[in-house]
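The values are calculated or read from the model by the stated rules, or taken from the named source; none is laboratory data. Model, not experiment: these values are computed from the prediction. Backbone-built Cβ (ideal geometry, glycine too); neighbour counts: all protein chains shown. Protein only, heavy atoms only, side chains kept; ligands, DNA and RNA dropped before computing areas. Shrake-Rupley method; radii C 1.70, N 1.55, O 1.52, S 1.80 Å.
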Amino acid sequence: MRSLRPEFRTIGRQTMRDDCVAVFKAGCDAILADFEELDSRVSFTSDIWTSSASLGYMCVTAHWIDKEFRFQKKIIALKQISYPHTGQAVANLMEKIWDDWKLGDKIFALTLDNSSVNDNAVKNLENKLREKIPFGVSHMHMRCSAHILNLIVQDGMGIINTALKNIRDLLRHITSSGSRLQVLNTILDELKLPRKRGLTLDCSTRWNSTFLMVKEALGLKTALLKYVEVSSTMVGPSAEEWSDAEAMANFLEPFLDATKSFSNVRRPSSHTYIKEIWDIRRLLLDEDHRGNANLEELALQMQAKFCKYWENPNLIMTIATFFDPRYKFMFLKFCYHKAYGDEYEAKLNDVFTWLKRFYEEYESSMRNTARASSGSSSRVGLQVSGKRKLDEEFAQFTSENRDFHSTMSELDKYMQEALLDINMKNFDILEFWKKNSGLYPTLAKMARDFLAIQTSSVASESAFSASGRLTDHLRTSMNSKTIEVLVCAKDWFGPKDEEFDLSKYLHLIPRS
């Protein structure tokens, strides 16, 4: 480069690293400031991953809804965790991360995948966090719904394992050779279908990748059958196996939609949790598939696993449904009546009892905060203009004397309001609570906490995609701190996070 352009200034590896660290530290300071001002609680997702160098890493992502009712997601840690990955080790590292970010008194919920290590980690955290979380830790732990759904579907797909294997073998046979792929493309040209650069192969532990592989194969079925005819070395799936695969794909299509819903990390999904799992329950009990023996057996296998994990849905996520004005408690009543028959009222009353306990806790907390704020503002006295001070005092008086002009609580009022149209287009639940925060201040504050809970740990798991590229066999010497700096900074300053202005912090980067 210097030969071509002598004035070109090359940047050394260490300088580049120092610049990245400086940006990372600036981002940390900004996020810490946001956390200090935050008047709501924070939910978390976490996952553990092993790098190509056989080193364990734990990712922790924070999720919250700010005072402007904007959904926020930030990876706050990607730490190396020593072996063995015990519940105690996970709990200790999680606690340290929370302490580093001064979040010990803002924790609300923790979404983890369905492993015994994570169960033990939550038990280890329980005693330490009992006083910091409303009503203890028992409702804090949310099991990853995407992981549970994967277990449910995987349990059933073994029924048509032979058909899946034969389709997989055929696609692998074609993609293993450029000449074979060319033969397939020639057939596609004859059929006037788009040529393929490659074919989708699945990951055996991810049911949705198997589903997508089968869907592509079904779309190419005519071409694949012709390929088998002209091939002298390959025997494809039988007609019956193609039929089984097609029936399975049609049956599992709604499960893919549920997986996408659970995996959404950019907007709230907790309020749709009950709807998604009840849709799954309805599909498994549907009698339309009774004519197909394989589908019937597949559904029965999946029902058994469904009952193991979702017969009694997570309580805190059940309450989150209440904050969707299209559903409220009426939808829960509808679902529980179908599922539990005569027992539904007792189960519904249990959920409502917990909702009231949360509501009363929030209401009490808001009144205490308002009184403390009022006392503090009275000390600044003349620093506040007379008009502004009068407005603040009136707002405080209205809040403290709400029962004076109405015997109905916010909770009662909200429940009596008519449901919004369930088919409303472009419904934005955060916009609803932002507009109605004046009418329902306590419920709006609750909504910010409950709607920030994640139904899956995908937000943390997806960070390992970037980590994998950073720690491939060509970069195994990169230390864990540098990996954390790069992954976190990409998450904070990436194109999807337009609210965070990097230009504000560029002056913090040292320049020689």
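Which of the residues belonging to the stretch 17-53 are among the hydroxyl-bearing types (S, T, Y) and in contact with a Phe, Trp or Tyr (Cβ under 9 Å, 6 or more places away or on another chain)?
Those that are among the hydroxyl-bearing types (S, T, Y) and in contact with a Phe, Trp or Tyr (Cβ under 9 Å, 6 or more places away or on another chain): S40, S43, T50, S51.
State whether one or more residues within the stretch 59-73 are among the hydroxyl-bearing types (S, T, Y), under 30 Å from G438 (Cβ atoms) and surrounded by 13 or more Cβ atoms within 10 Å (Cβ to Cβ).
No.
Scan the stretch 179-209 for residues that are open to solvent by 50 Å² or more (accessible area, probe 1.4 Å), of a type in the set (G, A, S) and farther than 25 Å from S263 by Cα and report the count.
1
Is there a residue in the stretch 425-434 that is open to solvent by 80 Å² or more (accessible area, probe 1.4 Å), modelled with pLDDT of 60 or more, over 26 Å from the mean Cα position of the chain (by Cα) and not hydroxyl-bearing (S, T, Y)?
no
Working only within the stretch 99-123, note down all residues that are closer than 22 Å to L315 by Cβ, open to solvent by less than 50 Å² (accessible area, probe 1.4 Å) and in a helix (DSSP H, G or I).
Hits for the stretch 99-123 are N118, D119, A121, V122.
Would you list the strands (runs of 3 or more DSSP E) that sit entirely within the stretch 1-98 and hold 1 or more residues that are closer than 29 Å to S263 by Cβ, within 25 Å of the chain's Cα centre (by Cα) and of a type in the set (S, T, Y)?
42-50, 56-65
Any residue in the stretch 437-460 that is touching a Cys at 6+ places or on another chain (Cβ under 8 Å), open to solvent by 20 Å² or more (accessible area, probe 1.4 Å) and either farther than 25 Å from A146 by Cβ or modelled with pLDDT of 90 or more (or both)?
Checked the stretch 437-460: no residue is touching a Cys at 6+ places or on another chain (Cβ under 8 Å), open to solvent by 20 Å² or more (accessible area, probe 1.4 Å) and either farther than 25 Å from A146 by Cβ or modelled with pLDDT of 90 or more (or both).
Output the number of the condition that L149 fails; it satisfies all remaining conditions of (1) among the hydrophobic types (A, V, I, L, M, F, W, C); (2) more than 29 Å from D29 (Cα to Cα); (3) at pLDDT below 90.
With respect to (1) among the hydrophobic types (A, V, I, L, M, F, W, C); (2) more than 29 Å from D29 (Cα to Cα); (3) at pLDDT below 90, L149 is out only on (3).
Given the condition at pLDDT below 90, surrounded by 12 or more Cβ atoms within 10 Å (Cβ to Cβ) and among the β-branched types (V, I, T), answer yes or no: does some residue in the stretch 499-512 qualify?
yes
Hey, could you check the stretch 214-227 for residues that are touching a helix residue (DSSP H, G or I) at 6+ places or on another chain (Cβ under 7 Å) and not basic (K, R) and say which is nearest to K165 (Cα to Cα)?
By that ranking, first place goes to V214.
For the stretch 126-136, indicate whether the set of residues that are more than 27 Å from K308 (Cα to Cα), touching a strand residue (DSSP E or B) at 6+ places or on another chain (Cβ under 7 Å), in a helix (DSSP H, G or I) and open to solvent by less than 50 Å² (accessible area, probe 1.4 Å) is non-empty.
yes
If a residue has to be under 38 Å from the mean Cα position of the chain (by Cα) and within 17 Å of G236 (Cβ to Cβ) to count, how many in the stretch 170-201 make the cut?
12
Okay, residues lined up against (1) open to solvent by 70 Å² or more (accessible area, probe 1.4 Å); (2) not aliphatic (A, V, I, L, M):
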{"position": "G12", "(1), (2)": "no, yes"}
{"position": "M16", "(1), (2)": "yes, no"}
{"position": "D34", "(1), (2)": "yes, yes"}
{"position": "F44", "(1), (2)": "no, yes"}
{"position": "A53", "(1), (2)": "no, no"}
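Of everything in the stretch 461-474 that's in a helix (DSSP H, G or I) and open to solvent by 30 Å² or more (accessible area, probe 1.4 Å), which residue is modelled with the highest pLDDT?
The residue in question is E461.
What single numbered condition from (1) under 30 Å from E431 (Cα atoms); (2) surrounded by 15 or more Cβ atoms within 10 Å (Cβ to Cβ); (3) more than 28 Å from the chain's Cα centre (by Cα) fails to hold for S364?
That leaves (2) as the condition not met.
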